[in-house]
Each structure stands twice: as C-alpha cells, then as structure tokens.
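The values are calculated or read from the model by the stated rules, or taken from the named source; none is laboratory data. Fair warning: this is a prediction, and the values are worked out from it, not measured in the lab. Counting neighbours? That spans all protein chains shown, and the Cβs are built from the backbone with ideal geometry, glycine included. Side chains included, ligands, DNA and RNA excluded: accessible areas come from the protein's heavy atoms. Shrake-Rupley method; radii C 1.70, N 1.55, O 1.52, S 1.80 Å.
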Amino acid sequence: MNTEILKQFGLTKNDIKVYDSLFKLGRSKTGTIINESKVVSSMVYSSLKNLTEKGLVTFIVKNNIKYYQAEIPNKLIEDYKNNVDELEKLSKELKSLPIEKTPRNSTNIYEGIHGFKLAFEQHIGNMGKGEKVGVIGFNEQSIKKGLLKRYKDFFAKVDIDTIKKTENVRMIMDKDLLKILQDKIKYYEKYDLRFLSKEYFGPIATNLSEKEVMLSVWGEKPTVFTMNNPAIVESFWKNFEILWEKSKK
C-alpha cells in the first residue's frame, strides 16, 4: 500500500508507519501498535493523536483501554476538496488585484517543478492569437533521464494550448528524437518542423514568442529563465532565423 502520498497532508513518517500498521493489525491496543510499527511509544501516542484529529483513526474504550482502528481517508478527501474550492475562490479574487495586472520584470527565474510549469503556462497565456512562435528543442540525454516521462501529460497540455493560440509555430529539433517522441508527433503535425544535427542541442530548450524569450534548463531540479526585454527578444529571433535557414526539412 503506497501511503507516501499522506506526507502531502501533513503526516509525519511516524504517523504513516502507525497508520500502515493499524491497517495490518485491525483494531489494536497501543502496545501492539508499538511492536508492529517499530516506533517508540512516546511518538506512537503523538501519531495516534494526529491521525485521530485527521479522521484517519478512530478508537473505542473497553475496560478503560483504548482500541484503535484505521479508517479510509474520507475526511481527508473531503477537506482536500474544500481546500481546493477555497483556493480557487482566492485565486479569482487575487486576479482582480492591481498587482496581478502589473507586468513582470524583464527577467524572471522559476525553479522547481511547480515553477517550471508556471513559466510555461504564463508564456503561452501571454501569447496573442496567431502570434509567431519559435522553439529550439533539447537533446536526447534530457529524455534518457526520464524527464519527458515525468512531464508527459503537462507537455501534451502545452502543445494543445499552444496550438489553440496559434498554428504559426516553427520548431527546430534533432530528427532522431522523433523516434522517441512518438506520442508527440500528433501535435508536431501542426508545427513547421526542421532539423539540425545533434551538436546544436543541449539540455536547454528555447521558446520564443513575439514578446518573450524562455530558456528551460532540464534536470532533476528544473529552472526556467524568461526575458521580455524587446532588444533581447529581437536578438534571439535573429539567431533563430539563422538556424532556421541552416536547418533541413
């Protein structure tokens, strides 16, 4: 049973061990739980209190002795759904504030998986309808590290959202990658593809819109740099056009 997801809901490693033990044991006294979980007694009492408060454990009292039992995390699911609803309301309210309408700095850095995704969402969101877009792909090593698999669903969404905004997309990539990116070919059919040899590509992908340059550094801890300075955008587009002329269909 994969209980690691419970860490995201504020449960400690000991909480999870105790919860997991209770599912194996059924209704049990504290001593039995301590033996099964291999967690010291003082921490077991703390974990049982936390799990009870979260609705993951219930207990009954017989002859002044508590017997604990693990429960399906229905309350956790309900609380999670309520939190999502509240966050969506908050997000709508924040969008109406003046700071949301303030342009971003000419250079921005996004780190980690959430920052990585946010950068792409904002990049596409700022595109105009029918706007020209240029992409220089990453190298094969990036995919061998399993990064594409990790972001598979997200990048399918990126392709779909980009195509909705514009079909004026030119992409330069390593042709050998098409053998690996079979699931993405259906999206690439909407792109104007050209190819260069392997030495042109690294773990950094370049995405160009008419207003912004986005450099995404692939790795276990991804980083994205965005620049919306007109002079920088123009310079990157000039370089892209040179590579485009060198590339082959």
Within the range 33-47, the count of residues that are open to solvent by 60 Å² or more (accessible area, probe 1.4 Å) and either modelled with pLDDT under 90 or hydroxyl-bearing (Ser, Thr, Tyr) (or both) comes to 3
Checking Val39, Val61 in turn, the sole residue that is part of a strand (DSSP E or B) and more than 21 Å from Asn83 (Cα to Cα) turns out to be Val61
Note on the range 10-22: residues surrounded by fewer than 14 Cβ atoms within 10 Å (Cβ to Cβ) and hydrophobic (A, V, I, L, M, F, W, C) are none
Can you say whether Lys198 is open to solvent by 70 Å² or more (accessible area, probe 1.4 Å) and either touching an Asp or Glu at 6+ places or on another chain (Cβ under 7 Å) or within 20 Å of Asp161 (Cα to Cα) (or both), as far as the supplied structure shows? yes
The residue that is surrounded by the fewest Cβ atoms within 10 Å (Cβ to Cβ), considering only those in the range 235-248 that are in contact with a strand residue (DSSP E or B) (Cβ under 6 Å, 6 or more places away or on another chain) and farther than 19 Å from Ser209 by Cα, is Lys248
If we keep only residues of the range 186-226 that are touching a His at 6+ places or on another chain (Cβ under 7 Å) and outside any strand (DSSP E or B), then the residue farthest from Glu241 (Cα to Cα) is Glu212
Counting only residues in the range 124-144 that are at pLDDT below 90, buried (at least 16 other Cβ atoms within 10 Å of the Cβ) and out of contact with any helix residue (DSSP H, G or I) (no Cβ under 8 Å at 6 or more places or on another chain), the one nearest to Phe240 (Cα to Cα) is identified as Phe138
Notebook entry, point to check: Do we have any residue at all in the range 88-98 that's within 31 Å of the chain's Cα centre (by Cα) and open to solvent by less than 60 Å² (accessible area, probe 1.4 Å)?
Noted result: yes
